[in-house]
Amino acid sequence: PDPSSQLACDIAGNIAMNSGGAHCLKYGVTTNNLLGVTMVSMEGEVIEIGGAYLDSGGYDLLGLICGSEGQLGVVTEATLRILPKPEGARPVLIGFDSNEVAGACVSDIIKAGVLPVAIEFMDRPILEICENYAKAGYPDCEALLIVEVEGSPSEIDAQLDVIKQIARSHDPVEIREASSAEEAGRIWLGRKSAFGAVGQVADYMCLDGTIPVSELPRVLAGIKTISESYGLKVGNVFHAGDGNMHPLIMFDANKPGDLELCEACGTDILRLCVEVGGCLTGEHGVGVEKRDLMGAQFTDADMEAQMKVKDVFDPAWLLNPAKVFPLASSRTRRERGAAA
Ligand SMILES: Cc1cc2nc3c(=O)[nH]c(=O)nc-3n(C[C@H](O)[C@H](O)[C@H](O)COP(=O)(O)OP(=O)(O)OC[C@H]3O[C@@H](n4cnc5c(N)ncnc54)[C@H](O)[C@@H]3O)c2cc1C
């Protein structure tokens, strides 16, 4: 799935979180590339799910395992799809003078039916920090998109023609198409350094709410209003093509109360994502951080059904027992497991 954490993460972690990344717009997330797993239950049973080809025999439980945040069993082996390498790839950088216009451009590219491998979004706070750090030579603008397409040279030209035409209709500050591997590298340089660059200048909390792409302009405007109301700086750098937002809320961990302010700001932003038809997490999972927000997206009956699935795979609730579900909802089950 090409996660930015690829130097540090492993395949089992990708499966547990159903990870995505810059190139999942075209290639899908982990679940779209997983054919089978071997999983060991907490009772020591070895379970084979899926197999070496699509649509293996038995119940189709792969989707249940992928993204289950290590709650159902320990994955020990995985069979993955292998894809042919594309003939070539080329990115184009497009600068805009407003976040909302850049968001509308993303929405129009998707509506036009072109399928880039990546559409990455960076707003001004992120651009300034990245430019100071990586010196990628990005234009002076409010929002920047990096759109990359793949294929033969003629396929690339045809796709980029459509994308550039759509971009022009949104009055861009600059359109810069890579004409060599070196230029392509420079276009990606700032984006690839973004998280590290922000970490050099501030403490930050990275959110992961995911929204319908058509709601990007509204949600970007909403994030601005929310962050201003908390007096915190928020930078946006994310996989815009599939609506997976990563607002980075910057705060000062040494300032009493700032972390709590940052968390409250994050809660409001995630609630907004759910309100517009999105969800709390695209790829980072619910874990501990978002367990108390599950009620914003799911009813009690939904969560009860999800917990019943865990009852089947892990009756004693030993695997990541305090993650994903609000503690009050899972208390009886966790206490029953601890007493057993
Ligand atoms: C800087 C940074 C950038 C990131 N960028 C991305 C990104 O672009 N896309 C993305 O999707 N995520 C991203 N992440 C989040 C995270 O790295 C990914 O979700 C990654 O897939 C987690 O894998 P891991 O090996 O690090 O798992 P861990 O963090 O070690 O574990 C994650 C979960 O998987 C469970 N688990 C681990 N091993 C197993 C196993 N064998 N069987 C069952 N459960 C298991 C753990 O219990 C835990 O709940 C980023 C994180 C950071 C810090």
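The values are calculated or read from the model by the stated rules, or taken from the named source; none is laboratory data. This structure is a prediction, so every number in the text was calculated from the model and none was measured. When we count neighbours, we look across all protein chains shown, and the Cβ atoms used for this are built from the backbone with ideal geometry, even at glycine.
Per-residue answers, yes or no, for (1) outside the structural domain of G266 (by TED's automatic domain parsing); (2) under 26 Å from the mean Cα position of the chain (by Cα); (3) surrounded by 17 or more Cβ atoms within 10 Å (Cβ to Cβ):
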{"residue": "Q297", "(1), (2), (3)": "yes, yes, yes"}
{"residue": "P315", "(1), (2), (3)": "yes, no, no"}
{"residue": "L319", "(1), (2), (3)": "yes, yes, yes"}
{"residue": "A322", "(1), (2), (3)": "yes, yes, no"}
{"residue": "F325", "(1), (2), (3)": "yes, yes, yes"}
{"residue": "S330", "(1), (2), (3)": "yes, no, yes"}
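Scanning region 190-217 for residues that are surrounded by 17 or more Cβ atoms within 10 Å (Cβ to Cβ) and away from the ligand (no atom under 15 Å from the Cβ) gives G190, I211, V213, S214, E215, L216, P217. In this structure, G13 qualifies as under 30 Å from I146 (Cβ atoms), of a type outside the set (V, I, T) and free of Cβ contacts under 8 Å to residues at least 12 places away in the same chain.
Could you grab me the full set of residues in region 1-41 that are touching a Phe, Trp or Tyr at 6+ places or on another chain (Cβ under 8 Å) and more than 8 Å from the ligand (Cβ to nearest atom)?
Correct list: N33, L35, S41.
A single entry from L232, L261, L248, L220 fulfils the requirement of being aliphatic (A, V, I, L, M), away from the ligand (no atom under 13 Å from the Cβ) and under 19 Å from the mean Cα position of the chain (by Cα): L220. The residues on offer are C265, C273, C279, and the sole one that is modelled with pLDDT of 95 or more and surrounded by fewer than 20 Cβ atoms within 10 Å (Cβ to Cβ) is C279. Of all the criteria given as (1) touching a Gly at 6+ places or on another chain (Cβ under 8 Å); (2) closer than 23 Å to G28 by Cα; (3) buried (at least 23 other Cβ atoms within 10 Å of the Cβ), the one not satisfied by E150 is (3). When we screen K135, K111 for residues that are in the same structural domain as V162 (by TED's automatic domain parsing) and over 19 Å from T210 (Cβ atoms), the only hit is K135.
Listed by first and then second residue, the pairs with beta-carbon distance under 6 Å, at least 6 apart or on different chains, first residue in region 199-225 and polar (S, T, N, Q), second in a helix (DSSP H, G or I), are S214/S107.
Within the option set E69, E100, E87, E77, being farther than 30 Å from I15 by Cα and surrounded by fewer than 21 Cβ atoms within 10 Å (Cβ to Cβ) holds for one residue only, E100. With a requirement of 2 or more residues that are in contact (Cβ under 8 Å) with a residue 24 or more places away in the chain, out of contact with any His (no Cβ under 6 Å at 6 or more places or on another chain) and farther than 30 Å from V312 by Cβ, the helices (runs of 4 or more DSSP H) lying completely within region 44-143 that satisfy it span 99-111, 124-134.
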